[in-house]
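Inspection log for the structure reproduced underneath, given as structure tokens.
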Amino acid sequence: MFGTERPPEAKAGVEDVDLSGRTALVSGSTSGLGRAAALSLGRLGAEVIVHGRDEAAGEAVVDEIEAGGSEARFVAADFERPVAVSALADAVRESVDELDVLCNNAGGLFDDNSETDLGVGRTFHVNHLSPYQLTAELLPTLAPDARVVTTASVAHRFATPELDGLAALTGLSSWAAYCRSKLANVRFATELARRLETADREVTSNSLHPGIVPGSEFSRTLPAPVPQLGELVGELPVADSVADGAATVVYLAAADEVADVTGGYFSRCRRRTPDPDATDAEACQRLWERSAELLDVEEPLAAAVAD
Ligand SMILES: NC(=O)c1ccc[n+]([C@@H]2O[C@H](COP(=O)([O-])OP(=O)(O)OC[C@H]3O[C@@H](n4cnc5c(N)ncnc54)[C@H](OP(=O)(O)O)[C@@H]3O)[C@@H](O)[C@H]2O)c1
């Protein structure tokens, strides 16, 4: 299945799933895994909202989805700016009655982890806080059986111990900040699943590791020789193709067999066990609460854990 030239939906075994009438938002779908997942969901018939900052790249993805017969639109939003994330949520609400699939995929490994206006490291802001904010703002728009799919990484296992239970704020190297932000992704998806279940909502929340995918634009901001090394790794058998990486996103978004599965962490379309620290109930809850404080918003799904 993996390592072949087939498209993500075939690798995920969902090529016969019909997503006609369904809507999907894929954050970070102007390139790499998100782009491949958006195209794949479009081929399955979904109406797709493409997101990123690069308008030309986003419109090209829209054109490709429309050429295949599905509807699509591009919405730009910089995940370093909460106001832009809110505008994206508004645009989604204006264009669809209900959102069936929310893929929190935008993110990356950034050379510069300087502070954003919220006083947190850019990596933490883009990779965790903005997906948290976007999901919170879209909770009322999610279909009753919607799926929230968060692209984390095996890098969550390499996160250094935290003093305050929170993923990186400032002052970390690119890699350390990245690992902590990916730990935050798994914790976020785990806590979201717990709170949705407690609130008796059937919306599911799962996270995933897409594989080692040097063929995306992942290391674009890093100094030489990192991107060049990435190209070399791409030649090795350990590397996954972009379609391999997108397959697990598409699987979680579309496969019937995971329609009721929530709180899981997946890789290569199979459920795996994440680092125990990533599902520690207290740490997950602390991250959730602290994220709301940083964004200065009401804690999402707070009633679900009031007691
Ligand atoms: N590649 C790998 O080996 C690998 C492994 C594990 C996990 N992942 C995860 O997979 C996800 C996708 O990465 P990729 O490998 O596909 O890399 P990519 O090709 O660089 O794609 C990243 C996407 O995120 C968007 N993005 C980045 N910064 C943004 C910002 N400030 N505001 C809004 N959008 C932003 C980019 O859009 P614009 O350029 O248009 O802004 C792009 O669409 C990430 O969450 C990454 O951590 C990747």
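Every read-out reported here was derived from the displayed coordinates using simple, explicitly stated rules and does not represent laboratory data. Because the structure is predicted, anything quoted here is derived from the model rather than measured. Neighbour counts run over all protein chains shown; Cβ positions are idealised from the backbone, glycine included.
What to note about this one:
- Between amide H atoms placed 1.01 Å from N, distances below 5 Å from Glu202 occur with no residue 5 or more places distant or on a separate chain.
- Each peptide in 88-99, 118-129 receives the mean, over its residues, of other Cβ atoms within 10 Å, and ordering these scores from highest gives 118-129, 88-99.
- Once the Cα-Cα distance is subtracted from the 0.36 nm per residue extended length, the Val83 to Ser173 segment shows a gain of 29.7 nm.
- Placing R0 at 41 angstrom, the Cβ-Cβ distance between Thr221 and Glu15 gives a FRET efficiency of 0.75 after rounding to 0.05.
- Contour minus Cα-Cα distance for Arg53 and Asp145 (0.36 nm per residue): 30.2 nm
- Going from the residue with the fewest nearby Cβ atoms within 10 Å to the one with the most, Thr116, Thr221 rank Thr221, Thr116.
- FRET efficiency for the Asp277 to Leu118 pair, using the beta carbon distance and R₀ = 30 Å, is estimated at 0.80.
- Computed from the C-beta positions of Glu71 and Arg6, the FRET efficiency with R₀ = 25 Å rounds to 0.50.
- Region 12-129, relative contact order in percent, only Cα pairs under 8 angstrom and at least six apart counted: 25 percent
- Using the alpha carbons alone, the radius of gyration of region 8-295 stands to its Kirkwood radius in an Rg to Rh ratio of 0.93.
- Extension gain for Val297 to Glu94 (0.36 nm times residue separation, less C-alpha to C-alpha distance): 70.9 nm.
- Averaging 1/r across all pairs of distinct Cα atoms in region 32-152 and inverting the result yields a Kirkwood radius of 14.8 Å.
- Relative packing of 144-151, 79-86, 103-110, which averages over residues the other C-beta atoms within 10 Å, highest first: 103-110, 144-151, 79-86
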